[in-house]
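Trainee: Got a structure for you, questions after.
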Amino acid sequence: MDKRMIAGVEVEVGSGNVFADLGLPDADKLLIKSELTIEITKAIRAHGLTQAEAARRMGLTQPKVSSLLRGEFSNFSERKLMDCLNRLGYDIEIRVKKASGAAGHLMLTHA
């Protein structure tokens, strides 16, 4: 990683994936799940939904919505998080393209 001096303090520039920077396994998947969770949170706020209303729309229990809004997404699959966004009125598009290197990576883009 790139190291820089800022105001006399040495800092390490992150890769853009905090989970990879921490050396966690499945860092790409964790990043996708965290970004999907952020989008769900934004959607709930944009619609002005209570947790109970959001739970009904997403097919979850209110306690699960509460956990999700606190950033606890480890018990949710990527597919379930995408389903929640669909139920909140969002389209999800998956695009596959050849990677520039030997191994590809997962990425979420926002429209």
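The values are calculated or read from the model by the stated rules, or taken from the named source; none is laboratory data. All values derive from a computational prediction rather than experimental measurement. So basically every Cβ, Gly included, is an ideal-geometry build from the backbone, and we count neighbours across all protein chains shown.
Trainee: Let me spell it out: the conditions are (1) under 18 Å from LEU30 (Cβ atoms); (2) touching a Leu at 6+ places or on another chain (Cβ under 7 Å), and MET58 meets all of them except one. Which number is the exception?
Mentor: With respect to (1) under 18 Å from LEU30 (Cβ atoms); (2) touching a Leu at 6+ places or on another chain (Cβ under 7 Å), MET58 is out only on (1).
Trainee: Look at SER67 and say whether it is farther than 16 Å from ASP83 by Cβ, in a helix (DSSP H, G or I), of a type in the set (Gly, Ala, Ser) and touching a residue at least 12 places away in the same chain (Cβ under 8 Å). Let's see the steps before the verdict.
Mentor: Working: farther than 16 Å from ASP83 by Cβ: yes; in a helix (DSSP H, G or I): yes; of a type in the set (Gly, Ala, Ser): yes; touching a residue at least 12 places away in the same chain (Cβ under 8 Å): no.
Answer is no for this residue.
Trainee: I've got another one for you. Given the structure, is ILE92 within 24 Å of HIS110 (Cα to Cα) and part of a helix (DSSP H, G or I)?
Mentor: In short, no.
Trainee: The conditions are (1) closer than 28 Å to ALA103 by Cα; (2) crowded, with 16+ Cβ neighbours inside 10 Å, and ALA54 fails exactly one of them. Which is it?
Mentor: (1)
Trainee: Shifting gears a bit: Across the range 83-111, what is the number of residues that are of a type in the set (A, V, I, L, M, F, W, C) and surrounded by fewer than 12 Cβ atoms within 10 Å (Cβ to Cβ)? Give the steps one after another, and end with the answer.
Mentor: Narrowing the range 83-111 to residues of a type in the set (A, V, I, L, M, F, W, C): 84-85, 88, 92, 94, 96, 99, 102-103, 106-108, 111.
After this cut, where a residue has to be surrounded by fewer than 12 Cβ atoms within 10 Å (Cβ to Cβ) as well, the list is 94, 96, 99, 102-103, 111.
Looking only at that region, the number is 6.
Here's the yes/no breakdown for (1) farther than 14 Å from VAL65 by Cβ; (2) surrounded by 12 or more Cβ atoms within 10 Å (Cβ to Cβ); (3) in contact (Cβ under 8 Å) with a residue 24 or more places away in the chain:
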{"site": "ASP2", "(1), (2), (3)": "yes, no, no"}
{"site": "SER15", "(1), (2), (3)": "yes, yes, no"}
{"site": "LEU24", "(1), (2), (3)": "yes, yes, no"}
{"site": "ALA27", "(1), (2), (3)": "yes, yes, no"}
{"site": "THR37", "(1), (2), (3)": "no, yes, yes"}
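Trainee: Going residue by residue through the range 29-43, is there one that turns out to be under 17 Å from ASN86 (Cα atoms), among the basic types (Lys, Arg) and over 16 Å from the mean Cα position of the chain (by Cα)? Step through it out loud before you land on a result.
Mentor: Initially, the range 29-43 is screened for residues under 17 Å from ASN86 (Cα atoms), giving 32-43.
Restricting the remaining residues to those that are among the basic types (Lys, Arg) gives 33, 42.
Then keep just the ones that are over 16 Å from the mean Cα position of the chain (by Cα); that gives none.
Scanning the range 29-43, I find no residue that is under 17 Å from ASN86 (Cα atoms), among the basic types (Lys, Arg) and over 16 Å from the mean Cα position of the chain (by Cα), so the answer is no.
Trainee: Still on this structure, I have one more. Kindly establish whether LYS80 is at pLDDT 95 or above, in contact with a Leu (Cβ under 9 Å, 6 or more places away or on another chain) and either of a type outside the set (A, V, I, L, M) or surrounded by fewer than 15 Cβ atoms within 10 Å (Cβ to Cβ) (or both).
Mentor: Values: at pLDDT 95 or above: yes; in contact with a Leu (Cβ under 9 Å, 6 or more places away or on another chain): yes; either of a type outside the set (A, V, I, L, M) or surrounded by fewer than 15 Cβ atoms within 10 Å (Cβ to Cβ) (or both): yes.
Against the criterion (at pLDDT 95 or above, in contact with a Leu (Cβ under 9 Å, 6 or more places away or on another chain) and either of a type outside the set (A, V, I, L, M) or surrounded by fewer than 15 Cβ atoms within 10 Å (Cβ to Cβ) (or both)), LYS80 qualifies.
Trainee: Go over the candidates ALA7, ALA43, ALA27 one by one and state the one that is touching a helix residue (DSSP H, G or I) at 6+ places or on another chain (Cβ under 6 Å) and of a type in the set (A, V, I, L, M). First the steps, then the outcome.
Mentor: Numbers: ALA7 fails: touching a helix residue (DSSP H, G or I) at 6+ places or on another chain (Cβ under 6 Å); ALA43 fails: touching a helix residue (DSSP H, G or I) at 6+ places or on another chain (Cβ under 6 Å).
So the residue among ALA7, ALA43, ALA27 that is touching a helix residue (DSSP H, G or I) at 6+ places or on another chain (Cβ under 6 Å) and of a type in the set (A, V, I, L, M) is ALA27.
Trainee: Suppose we filter the range 9-23 for residues that are over 15 Å from the mean Cα position of the chain (by Cα) and of a type in the set (A, V, I, L, M, F, W, C); how many remain?
Mentor: Our first condition is that a residue be over 15 Å from the mean Cα position of the chain (by Cα); within the range 9-23, this holds for 9-15, 21-23.
Those still in the list that are of a type in the set (A, V, I, L, M, F, W, C) too: 9, 11, 13, 22.
Matching residues across the range 9-23 total 4.
Trainee: Could you please let me know if LEU60 is surrounded by 14 or more Cβ atoms within 10 Å (Cβ to Cβ), part of a helix (DSSP H, G or I) and at pLDDT 90 or above? Full working, then the answer.
Mentor: Details: surrounded by 14 or more Cβ atoms within 10 Å (Cβ to Cβ): yes; part of a helix (DSSP H, G or I): no; at pLDDT 90 or above: yes.
For LEU60, the condition - surrounded by 14 or more Cβ atoms within 10 Å (Cβ to Cβ), part of a helix (DSSP H, G or I) and at pLDDT 90 or above - is not met.
Trainee: Here's another thing I want to ask about it. Which of the following residues is under 21 Å from GLY14 (Cα atoms) and not basic (Lys, Arg): LEU31, LEU69, LEU49, LEU60?
Mentor: Numbers: LEU69 fails: under 21 Å from GLY14 (Cα atoms); LEU49 fails: under 21 Å from GLY14 (Cα atoms); LEU60 fails: under 21 Å from GLY14 (Cα atoms).
Only one candidate passes the filter, namely LEU31.
Trainee: I would also like to ask the following. Could you tell me whether the range 11-22 includes any residue that is part of a strand (DSSP E or B) and of a type outside the set (Lys, Arg)? Outline the logic, then answer.
Mentor: Narrowing the range 11-22 to residues part of a strand (DSSP E or B): 11-12.
Restricting the remaining residues to those that are of a type outside the set (Lys, Arg) gives 11-12.
Yes, the range 11-22 has at least one match.
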